[in-house]
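The values are calculated or read from the model by the stated rules, or taken from the named source; none is laboratory data. Computed from a predicted model, the values in this text were never measured in an experiment. Here the Cβ positions follow ideal geometry from the backbone for every residue, glycine too, while neighbour counts run over all protein chains shown.
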Protein chains: 2
Amino acid sequence: MEIRPELNPDSKLPIYRQLGEYLQNLIESGSLRPGERLPPTRELAGHLGLNRTTISAAYEMLESGGLIYGEVGRGSFVRPAPGRAPETVNWSYALAQSPTPSAAASSRANLINFSSSRPSERQFPIDQFRACCREVLDGPEMRSLMQLGSPAGYEPLRQYLLQRSSVARETDDILITNGCQQAVDLLRRALIKPGTKVAVEEPVYPGLKNLFVEAGAELLGIEVGPDGADLYSLRVALEAGAKLVVLTPSFQNPTGATIPDAARRQIIAMTRAAGAVLIENDIYSELIYSGTPGERLKSLYPNVILLGSFSKIAFPGIRCGWIIAPKPVIARVTEFKQLADLHTDQLSQAFLLRFAELGELAAHQKRMVAAGREKVRAVADAARQHLEGCTYSIPNGGMNLWVDLGDGLDAAALRGLAQRAGIDYMPGRQFSIARPLDSGLRLSFVGLEVDEISRGIEILGSVVREARTSRVGDMALTGWV
Amino acid sequence: MEIRPELNPDSKLPIYRQLGEYLQNLIESGSLRPGERLPPTRELAGHLGLNRTTISAAYEMLESGGLIYGEVGRGSFVRPAPGRAPETVNWSYALAQSPTPSAAASSRANLINFSSSRPSERQFPIDQFRACCREVLDGPEMRSLMQLGSPAGYEPLRQYLLQRSSVARETDDILITNGCQQAVDLLRRALIKPGTKVAVEEPVYPGLKNLFVEAGAELLGIEVGPDGADLYSLRVALEAGAKLVVLTPSFQNPTGATIPDAARRQIIAMTRAAGAVLIENDIYSELIYSGTPGERLKSLYPNVILLGSFSKIAFPGIRCGWIIAPKPVIARVTEFKQLADLHTDQLSQAFLLRFAELGELAAHQKRMVAAGREKVRAVADAARQHLEGCTYSIPNGGMNLWVDLGDGLDAAALRGLAQRAGIDYMPGRQFSIARPLDSGLRLSFVGLEVDEISRGIEILGSVVREARTSRVGDMALTGWV
């Protein structure tokens with residue numbers, strides 16, 4: 001298949017988008033077939049007389065649209081689409097649509113990687129955790145931990161977490177899950193039918209959005225500003241019939257924003273009046289670097305469903321989260337838990353319990369908060385120095401900073417260039433429901449060291465400045481690299 | 001609410017069923033309200049002049065129909081139903097129907113418990129496993145195991161399992177899951193739309209059935225006889241439009257039946273001709289006590305999707321299973337895995353890999369097979385001695401024996417009586433799709449010791465004999481206890 005686009009340098013549409021749309025037509029018309037390899041960027045650039053970065057930006061656009069995929073070291077390939085495949089079993093016909101379009105993260109070595117919202121493994125207190133594991137291994141419960149367990153979770157951990165929680169009441173119960181992601185999966189299985197209207201923050205964590213999309217829910221985006229979820233936007237969603245509202249009141253992912261206490265009370269009043277169910281994603285709130293902790297929605301209203309997890313405050317590789325909610329809710333989601341995977345790994349539950357009981361979790365958290373405070377200071381300093389013309393709001397806790405590049409810049413198109421300059425981030429489009437968010441991006445800074453943060457934001461600043469001066473849309477024509 | 005049933009001793013309907021249907025009417029009409037406590041069996045028995053076992057059998061019937069639930073030491077209560085509830089949030093309205101009706105297992109101490117298909121924890125090689133865990137804890141990978149991992153699973157375990165598998169090909173890939181239950185959950189997310197026709201064995205493991213029911217699939221039962229899935233029944237299902245077929249060719253749960261090799265080849269030919277996708281549940285095949293191992297369906301046809309797990313051959317408390325399938329399938333289910341819970345616990349994956357690599361898994365399996373051989377011999381001896389008039393077929397491997405009590409006996413109604421006599425089992429109705437299977441039951445014998453098996457089957461025999469001689473339908477009137 002020869003590639004001969006007609007590109008118009010005078011068009012308002014940037015060259016990379018013109019090329020992207022041309023290739024998209026070739027794929028959708030079947031001229032480029034599933035599995036077919038696209039020409040290497042260098043080759044196509046030479047062939048068309050364009051800069052290689054233009055080709056990369058066009059491919060990036062197709063990849064984020066789910067039309068092509070990259071294989072490390074092999075190039076870019078056309079994705080299979082329903083209705084055409086060569087095998088005896090037509091897998092692309094048999095398989096459901098991909099639930100997670102376009103989240104491919106490049107993980108080149110030496111990249112300052114802002115793309116994953118996770119703790120720094122350099123801070124893991126390995127020795128203390130090892131000691132806790134050894135105690136469990138040598139303990140008398142080992143045999144029963146290896147045997148089939150309860151779908152609700154390891155009983156001593158359940159009791160510990162209920163007691164540790166300042167908001168759980170007599171009327172509540174708890175379910176242990178494989179991290180917060182599974183908690184949301186189980187809740188949507190218990191609460192959502194196709195067509196149910198669900199209000200979530202926008203920008204939203206894609207793992208949350210995609211679960212509800214899979215369930216056939218109708219998503220309504222609640223706009224998030226520097227003060228978190230916008231109340232007017234929530235009202236619109238409730239009036240449109242939202243039956244379920246999912247909020248992260250403290251240090252939301254991806255914005256880092258926190259809802260003020262007064263607004264929290266209004267949120268409770270509004271959702272109660274509307275008869276909607278409210279899920280409070282509370283996984284970041286203990287990572288607080290400044291200010292006072294917000295009141296938990298769950299403490300304001302007992303019927304709130306609270307999500308917690310060890311993934312952010314301890315170790316994400318050990319999958320353990322929980323749901324605290326009124327007993328009828330826990331009874332039902334526990335049935336779905338049993339259906340999903342019988343129960344959460346028991347050894348890990350026992351390890352984490354020991355780690356918490358011995359005070360090691362609290363000590364680790366203290367160190368994480370101290371380090372986080374320095375990291376967020378580095379973020380603020382570097383942003384002030386290098387991100388002029390961008391909009392952002394420094395968070396008081398959590399793991400993420402949201403940056404709006406402004407000027408109609410497209411963070412997805414810039415990403416390939418940023419990677420070549422030495423950093424990676426998540427483009428805003430990944431977090432969108434209905435709003436484009438093209439000029440936004442998420443910097444997850446907690447997994448990095450202070451000097452990496454400073455250097456990374458400096459690199460981002462220079463990428464943005466260059467893009468702005470050379471007008472990103474025309475970058476190919478101006479020879480910008 | 002006063003309970004005044006009109007019971008007719010001359011009816012062909014047993015007294016306990018008459019009482020059960022009367023109570024069902026009271027619940028469905030709202031005369032007995034959600035949360036209301038039913039009278040204790042002793043009290044109601046005195047009040048109605050019936051034997052207590054009749055009341056128990058009626059309650060059992062309501063419980064297995066999902067209308068009431070028991071709380072240990074507190075009695076039986078009416079379940080909430082959609083449309084009526086007293087709270088601000090009407091949870092029974094907000095929550096989806098229960099995905100797992102009526103599986104309540106009583107676990108009284110001193111009960112010989114045949115009700116759970118799991119290995120014996122007394123055989124767990126604790127010391128060897130501890131040593132493997134310690135090696136991992138002290139190893140250099142600890143830090144990265146605690147960090148967020150890959151949705152596909154821990155890479156060294158994936159490679160090990162692919163190489164260990166005699167049926168994986170170049171065109172295959174592997175996904176690590178939280179046991180086989182999650183493997184099925186992810187596959188049905190990738191393969192099933194509401195209304196998709198899915199053929200499964202009948203009797204079927206309820207955890208499998210309920211997943212497909214949740215997804216809105218239309219289930220078609222393939223009858224299982226002593227030679228496993230019936231080919232004619234499979235043909236009928238394929239002609240009816242089954243797009244997915246799930247089979248356990250070796251030592252099926254609950255029947256213990258195995259499909260002969262010739263039939264396996266026919267199954268492949270039939271499903272290929274029909275263009276249906278075939279899932280081979282292979283979690284029991286390595287527990288083989290006699291005869292030669294069957295050919296894996298996957299070895300006969302590369303497009304088969306194979307499920308494996310450590311739960312039956314090692315420790316079910318450590319949740320780890322896998323799917324081996326053609327690459328496009330694994331690529332898609334891996335996306336659903338990420339959506340479901342990001343990835344499987346990494347420490348446990350590393351522990352099990354070490355356990356396998358060092359030969360400890362093979363040694364443990366050898367001991368399990370040797371013990372299983374003795375256990376199945378005990379099953380055969382005791383069944384021959386005590387289960388006259390019942391139909392059963394001694395399995396060559398696995399964990400389960402299926403017994404048909406015959407004579408129109410209802411294993412669910414007998415269960416309460418069997419528990420009082422000292423044993424527990426799973427009634428056949430739990431494994432049904434369209435056929436009643438009321439006279440069937442599953443004895444999971446591998447978790448028990450040889451002497452418990454012998455004694456338990458003897459007790460079952462005496463319960464069945466007494467029920468038969470006193471005609472179970474009339475048991476209340478004949479004063480049978």
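Have a look at A:222, A:259 and point out the one that is part of a strand (DSSP E or B) and modelled with pLDDT of 95 or more. Walk me through how you get there before you give the answer.
Values: A:259 fails: part of a strand (DSSP E or B).
The unique qualifying residue is A:222.
Condition check ((1) part of a helix (DSSP H, G or I); (2) away from every other protein chain (no Cβ under 14 Å); (3) of a type in the set (Ser, Thr, Tyr); (4) buried (at least 20 other Cβ atoms within 10 Å of the Cβ)) across all residues:
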residue	(1), (2), (3), (4)
B:319	no, no, no, yes
B:337	yes, no, no, yes
B:361	yes, no, no, yes
B:367	yes, yes, no, no
B:395	no, yes, no, yes
Identify the residue in the range B:156-204 that is within 13 Å of chain A (Cβ to nearest Cβ) and over 30 Å from residue B:218 (Cβ atoms) and, among all such residues, is modelled with the lowest pLDDT. B:171
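Given the criteria in contact with a strand residue (DSSP E or B) (Cβ under 7 Å, 6 or more places away or on another chain) and within 10 Å of chain A (Cβ to nearest Cβ), does residue B:349 qualify? Don't jump to the end; show me each part of the working.
On the way: in contact with a strand residue (DSSP E or B) (Cβ under 7 Å, 6 or more places away or on another chain): yes; within 10 Å of chain A (Cβ to nearest Cβ): yes.
The answer is yes for residue B:349.
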Suppose we filter the range A:398-414 for residues that are outside any loop (DSSP other than H, G, I, E, B), hydrophobic (A, V, I, L, M, F, W, C), closer than 24 Å to residue A:446 by Cα and in contact with a Pro (Cβ under 9 Å, 6 or more places away or on another chain); how many remain? 5
Top-ranked residue of the range A:1-22 - restricted to ones that are touching a residue at least 40 places away in the same chain (Cβ under 8 Å) and within 14 Å of residue A:61 (Cβ to Cβ), ranked as surrounded by the fewest Cβ atoms within 10 Å (Cβ to Cβ): A:13
Could you list, in sequence order, all residues of the range B:321-335 that are in contact with a Gly (Cβ under 6 Å, 6 or more places away or on another chain) and at the interface with chain A (Cβ under 10 Å from one of its Cβ atoms)? B:321
Could you list, in sequence order, the residues of the range B:428-462 that are part of a helix (DSSP H, G or I), crowded, with 21+ Cβ neighbours inside 10 Å and out of contact with any Ser or Thr (no Cβ under 8 Å at 6 or more places or on another chain)? B:431, B:453, B:456, B:457, B:460
Matching residues, the range B:374-393, being small (Gly, Ala, Ser) and in a helix (DSSP H, G or I): B:378, B:380, B:382, B:383
In the range B:288-305, what count of residues is obtained for those that are surrounded by fewer than 24 Cβ atoms within 10 Å (Cβ to Cβ) and either within 11 Å of chain A (Cβ to nearest Cβ) or hydrophobic (A, V, I, L, M, F, W, C) (or both)? 5
Pairs where the first residue, in the range A:322-336, is within 18 Å of residue A:296 (Cβ to Cβ) and the second is part of a helix (DSSP H, G or I) and modelled with pLDDT of 95 or more, C-beta under 6 Å, 6+ apart: A:322/A:161; A:323/A:183
Scope the range A:257-281; condition surrounded by 23 or more Cβ atoms within 10 Å (Cβ to Cβ) and not hydrophobic (A, V, I, L, M, F, W, C); matching residues: A:258, A:264, A:271, A:280, A:281
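Run down B:269, B:274, B:263 and say which single residue is without any contact (Cβ under 8 Å) to a residue 12 or more places away in the chain and either in the same structural domain as residue B:446 (by TED's automatic domain parsing) or more than 22 Å from residue B:185 (Cα to Cα) (or both).
Values: B:274 fails: without any contact (Cβ under 8 Å) to a residue 12 or more places away in the chain; B:263 fails: without any contact (Cβ under 8 Å) to a residue 12 or more places away in the chain.
Matching residue, one of B:269, B:274, B:263: B:269.
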Just a yes or no: is a residue in the range B:118-139 closer than 30 Å to residue B:426 by Cβ, buried (at least 17 other Cβ atoms within 10 Å of the Cβ), more than 11 Å from chain A (Cβ to nearest Cβ) and over 20 Å from the mean Cα position of the chain (by Cα)? no
If you go through the range A:215-244, how many residues are farther than 18 Å from residue A:276 by Cα and either polar (S, T, N, Q) or surrounded by 21 or more Cβ atoms within 10 Å (Cβ to Cβ) (or both)? 2
Please go through the range B:285-320 and pick out each residue that is under 17 Å from the mean Cα position of the chain (by Cα) and over 22 Å from residue B:122 (Cα atoms). B:307, B:308
Inside the range B:6-40, can you point out the residues that are over 20 Å from residue B:408 (Cβ atoms) and part of a helix (DSSP H, G or I)? B:22, B:23, B:24, B:25, B:26, B:27, B:28
